[in-house]
1. I'd like the Karplus ³J(HN,Hα) series for region 2-18: coefficients 6.51, -1.76, 1.60, θ = phi - 60°, whole numbers in Hz, and an x wherever there's a Gly or Pro.
2. Given Cβ point charges of +1 (Lys, Arg) and -1 (Asp, Glu) and nothing else, what value in debye, to the nearest 20, does the dipole of the chain about its Cα centre take?
3. Would you calculate, for the chain, the mean residue ellipticity at 222 nm contributed by helices, counting each DSSP H stretch of 4 or more residues as -39,500 (n - 2.57) and dividing by all residues, to the nearest 500?
4. Hey, if you put +1 on the Cβ of every Lys and Arg and -1 on every Asp and Glu Cβ in the chain, which of Leu109, Leu158, Ile30 ends up farthest toward the positive end of that dipole?
5. Report in % the part of the accessible area of region 244-367 that belongs to carbon and sulfur, leaving out ligands and nucleic acids; probe 1.4 Å.
6. Scattering from the C-alpha atoms of region 244-367 alone, worked out with Debye: what is log10 I(q)/I(0) at q = 0.15, 0.17, 0.19, 0.21 1/Å?
7. Please work out the Cα center distance from region 306-376 to region 151-185, rounded to the nearest Å.
8. Answer with one residue from Ala344, Leu276, Gln363: the one whose Cα lies farthest towards the positive end of the charge dipole of region 244-367, charges on Cβ with Lys, Arg +1 and Asp, Glu -1.
Amino acid sequence: MTPAAFVRLDLEAARHNLAQVKRYAPDNKIMAVIKANGYGHGITRVATALDLADGFAVARVDEGVRLRQAGFKQPITVLQGFVCVDELLQLLKFQLAAVIHTPQQISILQQQVDAESKLAVWLKMDTGMNRLGFKGADFNAAYQQLLGCALVEQPINLITHFANADDLLDDKTRRQIDLFNDAVKDYPGECSIANSAGIIGWPNVRFGSAQDRASDWVRPGLMLYGCSPFAGKTGADFGLKPVMSLHSRLIAVKDVAAGETVGYSGTWQCQTATRLGVVSIGYGDGYHRHTKSGAPVLVNGQRVTLIGRVSMDMITVDLNSQPGAQPGDPVTLWGDGLPVEEIARLADTIPYTLLCGITQRVQVIEQGLADDVQTVTSTS
């Protein structure tokens, strides 16, 4: 039985995208960002597909623990670090690296002297994101404090984060790079600075503290899933392949007279007699509620348009161009022929939101890697 709503995950596409990252950054190690349940694709599933990455990055300690418990041996960096002793002990137990971005974290490290293992750390510099990290003299002071922590593995690694790299006309990115490189030029640790937009859009900048440091790390996220980090572009423009496609089916077809309204609040009115299709998907599945009327939907592989408001379990589409469409016919909400970036723009959001927003009732059909297809009932 075909599920009412499902995503298809092409894991070979993920491997292709990882290879593309390597083409963009041939002299860098790759820290694949698989936080937020692998951007909604399933964290262990994505980690398996990206097993050729040099390491992984997650947002929170529990995500790193889950990967270790699933058997992954690669270096794993927790981007939010830790906020208490218990989380620090989990990092040590499961050999996870931590980003250090507050004086409180350093204080916790200074108080722990009896651990059997050492903690790999990335000291974060705030170069203009104004979110996490140390600025100016505080960064240098934090570095010196970490040098004196018996618990900290040496050398200390160094990291920052771009704020505007997706805007190629904004010089802030170059200023962030220059600030970071100048601050860390005399420090021996490895460096990491470039996200997906940095990797693709800023090829002529130095991502590390020295020109010849081929061991520095890039941190691709969105591009691994086949999406563009730049407005007005799709992943295909950069040689990337979409990993996730979202599908459903028609469950009803009916005729609506001219002048009638469709959906909640009557926000869409038929200007002519309309052949209307009802699709079994809605914001309860992760199809964004604010997707506008006129957004494209594929029915039987052909574009039709969304009409009326997105409901929890259903959307309606204009089938005047497909008078032969019937209940049970296949529907694609994004995927081949319909980039998720296009749907995100028409929902006034970004691709990240759509990919991460798929709910647990949506079934997953996994393909690739072993040339087999497996259906599961969650996105984990």
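1. 6, x, 4, 9, 8, 10, 10, 10, 9, 6, 5, 5, 4, 5, 4, 5, 4
2. Values: 34 positive and 38 negative charges, 53 e Å.
In total the dipole reaches around 260 debye.
3. Numbers: 11 runs with 97 residues, N = 380.
Rounded to the nearest 500, it is -7000 deg cm²/dmol.
4. Towards the positive end, the residue furthest out is Ile30.
5. Details: 2710 of 5510 Å².
Taking all protein chains in place, region 244-367 shows 49 percent carbon and sulfur surface.
6. -0.63, -0.81, -1.01, -1.24
7. Here the answer is 37 Å between Cα centres.
8. The residue sitting farthest along the positive end of the dipole is Leu276.
The values are calculated or read from the model by the stated rules, or taken from the named source; none is laboratory data. What you see is a predicted model, and the numbers here were worked out from it, not measured in a lab. Counting neighbours? That spans all protein chains shown, and the Cβs are built from the backbone with ideal geometry, glycine included. SASA here: full protein model, heavy atoms, side chains in, ligands and nucleic acids out. Shrake-Rupley method; radii C 1.70, N 1.55, O 1.52, S 1.80 Å.
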